[in-house]
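The values are calculated or read from the model by the stated rules, or taken from the named source; none is laboratory data. Predicted, not measured: the structure shown is a model, and the values here were computed from it. All Cβ positions, glycine included, derive from the backbone under ideal geometry; neighbour counts span all protein chains shown.
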Amino acid sequence: MKKEGQHLNKLGSEKTVYEYADPSIEILETFENKYPESEYQVEFIFPEFTSLCPKTGQPDFANIIIQYAPDKKCIESKSLKMYFFAFRSCGSFMETITNKILEDCFAVCLPRWMKVVGQFNARGGTVINVTAERAK
């Protein structure tokens, strides 16, 4: 019998390499959903998200929330954390970041639906929240 999660490279690896400037879809890993017939939701909350303003280079801080209804695959959480870390030295607007996270995460697991919320900390007295959604 094949061991569950055997194909995952990041989870449990003592050789984890963290990337801080290239949030690539290749970082994300998935595993088989053992309950594809069930209607359920998965929610990831990442309160330590950081990126850079593409114009000033100043850091942006955010709480990123991903909600999705899995179909055949689920996103593996350590690979998602590493994907988020890859934004740390990446200069990009908040709207672009939120939509990139949605597009990449949706592409790797093809869920029934997915929603990404970027709750960015105040800058210049303004809080920006960005919500992006997609369904099959």
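Structure notes:
- Restricted to the stretch 36-136, the set of strands (runs of 3 or more DSSP E) holding at least 3 residues that are at pLDDT 95 or above, among the hydrophobic types (A, V, I, L, M, F, W, C) and under 10 Å from the mean Cα position of the chain (by Cα) comprises 42-52, 59-69.
- Flag if THR30 is buried (at least 16 other Cβ atoms within 10 Å of the Cβ) and more than 22 Å from SER89 (Cα to Cα): yes
- Residue match in the stretch 85-97 (condition: within 20 Å of VAL42 (Cα to Cα) and surrounded by 16 or more Cβ atoms within 10 Å (Cβ to Cβ)): no
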